[in-house]
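See below for the structure under consideration.
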Amino acid sequence: TEPVGGGTGGTSDGPRSVTVRVPAKVNVQLAVGAARPDGFHDLANVFLAVSLHDEVTATPAEALTVTCEGPDADKVPLDRTNLAARAAELLAARHGIAPDVHLHIAKDIPVAGGMAGGSADGAGALLACDALWGLNTPRTELLDICAELGSDVPFSLVGGAALGTGRGERLTELPVGGAFHWVFAVADGGLSTPVVFGEFDRLTEGTDVPEPAASPALLEALRTGDTTALAGALANDLQAPALSLRPSLAATLAAGTDAGALAALVSGSGPTTAFLVKDAEAAKAVAAALTASGTCRTARTATSPAAGATILPD
Ligand code: C5P
């Protein structure tokens, strides 16, 4: 090939690599409707981004490859089922280019924990590849690709707080009037989201499942930043099926409320459990008590809301 401007054959314009930071989420309300003909469930899903993050770095490579570091890295699939890899493939296909990129995931979000860690990596890879390849894909198109990747992926891009309807992918951003403090108890092993939805179907069989709707009291608690009101309004329809599949989570929930948490619930499809607390000091105390209780693998403190997927400066 012709050397360009005496170049070395590498691209001289684009960045060498792009790193994107992406938050985890907790569902402060997860109202689940009856199974639809396509197998998905209509939801009223109130997402809140929390300050546990993965970082995805995209670097030019000969072919699409994925690596992962972090305490749970061995549980992350590195093949094309990884949402980060799928994001690169979908974006490249849209633009008729090859997805030749190395994606490195620095993982801090619990794996298969109900905190949208895989979705975070999908949104992070999408934004990183878009910047690395200089595509400037419009935001609405990025959100479409996110929705194709999975129901929770659009929220990982947007962050903050949002109401997800449909299967959770149609987002309306929500105002949040203050910071909330959380403790997350990370369980041993994961729970599969489809299996938990299947258990919801089994437990609700023969009953009249109401149309899912967002709780006005919960939206008001978010808007005003009222921790006590939020504690009273937390609700997760996947909690009963998660507990049915993993009865030991009841002891974790009890350990957190015994230690002074204002409220406890299963995060999304679990098995991570979430504890809303008054302030940073209470968070430390509840995290220490949860760790000492022996009912979880580890406990993490975090605050919300957190920003959505963000490109980090070099
Ligand atoms: O959209 P996503 O790929 O993350 O969904 C994973 C699985 O979770 C789906 O295959 C389905 O079994 C279940 N699901 C559901 N209803 C939703 C979202 C997810 O039943 N609204």
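Coordinate-derived values only; no laboratory data. Bear in mind that the values here come from a model prediction, so they are computed numbers and not experimental data. Every residue, glycine among them, receives a Cβ derived from its backbone with ideal geometry; neighbour counts consider all protein chains shown.
Per-residue Cβ neighbour counts within 10 Å put 80, 21, 300 in the sequence 80, 21, 300, beginning with the fewest. With neighbour counts taken as other beta-carbon atoms within 10 Å, the residues 183, 56 rank, fewest first, as 183, 56. Local charge for residue 112 was computed over the other residues whose Cβ lies under 15 Å away, with Lys and Arg +1 and Asp and Glu -1, and equals -2. All other residues whose Cβ lies under 9 angstrom from that of residue 244 are scored, Lys and Arg at +1 and Asp and Glu at -1, for a net of +1.
By the helix-only formula, in which each DSSP H run with n ≥ 4 contributes -39500 (n - 2.57) and the sum is divided by residues, the chain has a 222 nm mean residue ellipticity of -10000 deg cm²/dmol. Residue order for 311, 109, 97, 145, fewest other beta carbons within 10 angstrom first, comes to 97, 311, 145, 109. Of 303, 291, 207, the residue with the greatest mean-square motion in the GNM of the chain, using alpha carbon springs below 10 Å, is 207.
Counting charges near residue 76 (Lys, Arg +1; Asp, Glu -1) among other residues having Cβ under 11 Å from its Cβ returns a value of -4. Classification of the chain by its C-alpha gyration tensor yields a prolate form. The axis ratio a/c (a ≥ b ≥ c) is 1.5 or more, and a/b outweighs b/c. Between the alpha-carbon centres of the range 171-192 and the range 88-149 there is a gap of 21 Å.
Mind telling me which of 47, 197, 184 comes out most flexible in a GNM of the chain, alpha-carbon contacts under 10 Å? Taking springs between Cα atoms under 10 Å, the residue moving most is 197.
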